[in-house]
Amino acid sequence: MSEKHEIATSSIQKEPAYTEAIRQPLDTVRLALGERVYVKLRGERELRGKLHGFDQHMNILLSDAEETITHIKFDPVTNEEITSKTTKTSEMIFVRGDLVILVSIPRRAA
Amino acid sequence: MTEISKKPGEFTRSLVGHPVKVKLTSNIEYRGILISLDGHLNVVLEDTEEYVGGSLKNKLGDTFIRGNNLLYISPMTRKK
């Protein structure tokens, strides 16, 4: 019983935040906790906000988030693509992981 | 020519630390240095550049890409 518990928690505790050897992609995201990140989502949606939390599915929790939605319309008369953007802000937003395409992490000050 | 592993997993792991091209199902391409990857093909790239239709659209720095969006990972020879 106690052994099982150890396995469940060890992966979190063993990773010091400043480690140079980043073994798993999720560890890189963990280093960005508390920083502002850029998240690209399916359906031409983008989010910028402070990363509060995430899990193995890439469900993401952001605060002070700004959502940018790009609408692309095709004008059949002029044969042109018309893009327009709308933005929404939210204090706290939870994003379902399967919508995530990428998470971009700001350069850490060396 | 150096020997290329027959196992996909070994091959992709051998690309860690090298410049790669990652193409997504949306036809967007990301180029950068492969930092790490896992069993879902989640990928982390450094100095990431976003290419749409062959032209550079964005520079993103360190980027985590969720594996389900991937079409392929391919090694890249650096152009100067």
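List of remarks:
- Within region B:32-47, the set of residues being at the interface with chain A (Cβ under 7 Å from one of its Cβ atoms) and more than 21 Å from A:G97 (Cα to Cα) comprises B:I35 only.
- Yes/no for B:E10 being open to solvent by 40 Å² or more (accessible area, probe 1.4 Å) and part of a helix (DSSP H, G or I): yes
- Filter result (crowded, with 21+ Cβ neighbours inside 10 Å and in contact with a Pro (Cβ under 9 Å, 6 or more places away or on another chain)) within region B:46-65: B:D62, B:F64, B:I65
- Filter result for A:T28 (modelled with pLDDT of 90 or more, β-branched (V, I, T) and in contact with an Asp or Glu (Cβ under 8 Å, 6 or more places away or on another chain)): yes
- Those residues of region A:41-59 which are within 12 Å of chain B (Cβ to nearest Cβ) and out of contact with any helix residue (DSSP H, G or I) (no Cβ under 7 Å at 6 or more places or on another chain), in sequence order: A:G43, A:E44, A:E46, A:L51
- Residues of region B:44-76 that are part of a loop (DSSP other than H, G, I, E, B) and more than 12 Å from the chain's Cα centre (by Cα): B:G53, B:G54.
- Among residues of region B:11-33 that are farther than 20 Å from B:G61 by Cβ, those with a Cβ under 6 angstrom from a residue that is surrounded by fewer than 17 Cβ atoms within 10 Å (Cβ to Cβ), sequence gap 6+ or separate chain, pair up as B:F11/B:S5; B:T25/B:L71.
- Filtered by the rule that a residue be surrounded by 12 or more Cβ atoms within 10 Å (Cβ to Cβ), in a loop (DSSP other than H, G, I, E, B) and over 10 Å from the mean Cα position of the chain (by Cα), region A:44-99 gives A:E44, A:H57.
- Complete set of residues in region B:56-74 that are in contact with a Lys or Arg (Cβ under 8 Å, 6 or more places away or on another chain) and more than 9 Å from chain A (Cβ to nearest Cβ): B:L70, B:L71, B:Y72, B:I73, B:S74
- Where A:R107 falls short, out of the listed (1) of a type in the set (K, R); (2) assigned to a strand (DSSP E or B); (3) within 13 Å of chain B (Cβ to nearest Cβ): (2)
The values are calculated or read from the model by the stated rules, or taken from the named source; none is laboratory data. A quick note: this is a predicted structure, and the numbers were derived from the prediction, not measured. Methodologically, a virtual Cβ is constructed for each residue, glycine included, from the backbone with ideal geometry; neighbour enumeration extends over all protein chains shown. Note: areas computed on protein heavy atoms with side chains; ligands, DNA, RNA excluded. Shrake-Rupley method; radii C 1.70, N 1.55, O 1.52, S 1.80 Å.
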